[in-house]
1. Of the residues that sit in the range 47-63 and are loosely packed, with under 15 Cβ neighbours inside 10 Å and over 19 Å from L116 (Cβ atoms), which one is nearest to the chain's Cα centre (by Cα)?
2. Name the residues in the range 42-91 that are on the phi > 0 side of the Ramachandran plot and touching a strand residue (DSSP E or B) at 6+ places or on another chain (Cβ under 7 Å), would you?
3. What number of residues in the range 111-153 are in a helix (DSSP H, G or I) and within 15 Å of the chain's Cα centre (by Cα)?
4. Across the range 154-171, which residue is farthest from the chain's Cα centre (by Cα) among those that are of a type in the set (F, W, Y) and surrounded by 14 or more Cβ atoms within 10 Å (Cβ to Cβ)?
5. Enumerate the pairs (first residue in the range 28-40 and part of a strand (DSSP E or B); second residue anywhere and among the basic types (K, R)) with beta-carbon separation below 8 Å, excluding pairs fewer than 6 apart on the same chain, so at least 6 apart or on different chains.
6. Taking the range 71-99 as the search range and keeping residues that are in a loop (DSSP other than H, G, I, E, B) and touching an Asp or Glu at 6+ places or on another chain (Cβ under 9 Å), which one is surrounded by the fewest Cβ atoms within 10 Å (Cβ to Cβ)?
Amino acid sequence: MRVLTGEGRKTPYLKEHSTEVAGLAENLSGDERYYNNLIVNKGLSEYDPVKLPMFMSDNVYLNGAKPSKHESGPLVLPAFDPGIKLIEKSDGMYLHINCDKEWCLHKRQLVTTELLGKAKSPNLPYMDYDGSVLKIDTDYFGKKRNTDNPAPGPFEFTEKKAISMKVWPKK
């Protein structure tokens, strides 16, 4: 288990949309965001003792993974093993994962600049690479997400029992 209670050193942070150092901040623990993830085995309970606020919601915990006390709206399925496999083939890497339709029935919100809020040290919002408002409305492959209730994890899916797809290089 890694230590999440600060490191006793200062960490540089940057000016908005720049590589210029804006200042140094105490390296306290916390001020992290975890939304709409599939989390297997370990979980986020190691964040329970952090000093700064944590922002966690609507993650799916599988195969014994445990949510943090800071989380709101977790879906915990401790006995469900998604059987995740990464398989190398001659044309790339393929991911196989077993799914549960309950993941899509659990209501969650789209990850946006508004949802993420501001990072503590620079007191700046989370923005897209070009400075525009962030709205994660497409999945890993560029497929449109259900903006009313996006699927957890990097792939938009509905009620399939298993997914097997080429993930690298992308098709």
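Every number in this text was worked out from the coordinates using simple rules, so none of it is lab data. This is a predicted model, so every value here is computed, not measured. When we count neighbours, we look across all protein chains shown, and the Cβ atoms used for this are built from the backbone with ideal geometry, even at glycine.
1. D48
2. G43, D58, N63, G73, G83
3. Result for the range 111-153: 3.
4. Taking the candidates together, the pick is F157.
5. These pairs meet every condition: Y35/R108.
6. The extreme case among them is G73.
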